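What follows draws every value from the coordinates through simple rules; no lab data is involved. Everything numeric here is computed off the predicted structure, so don't read it as measured data. Neighbour counts run over all protein chains shown; Cβ positions are idealised from the backbone, glycine included.
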Amino acid sequence: MTETPRQITLEQWDREYGRLREAGMTEPAYGGPLGRHVADGDTRLQKLRYDNSPAALRLWNFLLTEEDRLRAARDNGKKLVGAMKDLGTVPVMAYSLDSLVAFYPDGAWWIPCVMELNAGLLQIADSLGIDESFCPVRAMLGAFVTEAHFPIPDLLTCSVGATCDDFSAIAQRLNGLGHRILWWEIPHRRAPDPGEEAVTLPGGFSAPKSQVESVKSELSRVRAALEEAAGRPLDDRMLMNGIAEANRVRRLLGRLRRLAFTAPLCPMPALEMLIAEMLAIHFCSDRDATILVLEELLDEVSRRVAAGTGHLSADAARIFWVNPVADLQVMNLLEECGGRVCGTEYLFAHALDAIPTALPPMEALARMALADPMVGSATDRAARIVADLRRFGAEAVLISRIPGASHCALEGEIIGAIVREQCDVPVLEIEVPSITDATQATLSTRIEGLVETIKEKRR
Ligand code: SF4
């Protein structure tokens, strides 16, 4: 159904939309021309370039209609769970109950980008004492105050313990504004001591069994809160079904990532792949629809790979990307500079790994939560990056720092040093604010420099 893969503007997409509709394209209820989202204030969309497949159109429409979905869920009597900071654990539990819908309030960190600062969320955070010395997740505070971007959840959870200072401060400020939060604690993951009983976590790290037990006990408090919100028990069988569905999402993403990162020609651009990966965190408020969106995307990518078509040239520089970008446009920029993404570590690798199914479900979920790259050391994170870089055949690492983020003040240096030493590939660190308009020339120059270095090294 798709023509030659191309990246097109929003205006071109709207023309293409009319053509596809006339040709008989069917869409889900949340479908429609992408340009309509600009009327909601999402003005950054006008500056992005998009993949021209119906699968990508569906992905974008799914992403950009989440707020409507949440409001409809509430109108239909469902309870909303705001799962903060765990990036993938509580949503798996919440979606095991039909009457709950979990979402990711932290996702508000992209609103300043998508609405080009027009929503005023950062100013609200400023007025609450959370200024630009904090990372862009502070936009979440503004979203809670205005209630203009997501409904206030019926249950709000937040992981604490091995949590960055930024989020810890922002969530406490939110609590101070009167929002009740169920805090659950996760310890900093450490290597087992000699002779200490240890377990292997999804993704390959190991941790002391006592830490897994502690997380399991914390998650049992979350389970009780979810049961209370749903007004019914959440038994092991339901959790196992929830885990099986989450694993379907993860398997689809696994296949999608492998094809997208290893095909000779890039079959799906970095921007769409970033959005697809983000679906793993909380299923964009509809787990079943997430599966359909990813299946269609995987079909498209598989077709392109089989046909030997794709984006960019075959000699595009293969770059492993670390950390999500606050300004989505930078993913386009990488490709304009001659690079392509071949491997990612967007802070939530634990939401991509399969959850063990041969274990009791709470044990499996605790192990998954403890595999979170952000609760371990930067050295652990680097080890995972090195392994994935080799798996995907990337030729360089690009670490995109998030302004003000306490998690990555020095992390980039540690990761960069380990990657250079073990893989002998160039490493570039850049900082990406919510809007990069003023710094795009500098960013381009630096990324082009990396691309040239890669190509030079090939000779
Ligand atoms: S500092 Fe990093 S980990 Fe913490 S909220 Fe900001 S981006 Fe997320």
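Between the amide H of Val199 and those of Ala207, Lys209, distances stay under 5 Å, these residues lying 5 or more places away or on another chain, with hydrogens modeled in the peptide plane.
Quick one: work out the % antiparallel among DSSP beta bridges in the range 139-284, nearest 5. Just about 40 percent of them are antiparallel. Measuring gaps between exposed loop sites in the chain (GluC sites (Glu not before Pro); DSSP loop; at most 16 other Cβ atoms within 10 Å), the longest gap, sites not included, is 198-459.
Remark: Met368, Met238 ranked as Met238, Met368, counting other beta-carbon atoms within 10 Å and listing the fewest first. Taking the DSSP bridge list for the chain and keeping only pairs wholly inside it, about 20 percent are antiparallel.
What you get for the chain, charging only the Cβ of Lys and Arg (+1) and of Asp and Glu (-1), is a dipole of about 860 debye around the Cα centre. Annotation: amide H-H contacts under 5 Å for Tyr346 (H modelled 1.01 Å from N, sequence separation of 5 or more, or interchain): Asn323. Please state the shape class of the chain: rounded when a/c is under 1.5, otherwise prolate if a/b exceeds b/c and oblate if not, all from the C-alpha gyration tensor. Cα axes put the chain in the rounded bin. Can you classify the range 310-390 as rounded, prolate or oblate using the Cα gyration tensor, where a ≥ b ≥ c are the square roots of its eigenvalues, rounded means a/c under 1.5, and otherwise it's prolate if a/b beats b/c and oblate if not? Note, shape of the range 310-390 comes out prolate. Computed from backbone phi with θ = phi - 60° and the Karplus coefficients 6.51, -1.76 and 1.60, the 3J(HN,Hα) list for the range 266-281 is 5, x, 8, x, 4, 5, 5, 5, 4, 4, 4, 5, 4, 4, 5, 5 Hz; x is used for glycine and proline.
For a test of the definition: using alpha carbon positions, the gyration tensor, and the 1.5 limit on a/c, classify the range 1-101 as rounded, prolate or oblate. Prolate shape, in that a/c is at least 1.5 and a/b is the bigger ratio.
Each Lys or Arg adds one and each Asp or Glu takes one away; over the other residues whose Cβ falls under 14 Å from the Cβ of Pro192, this sums to -1.
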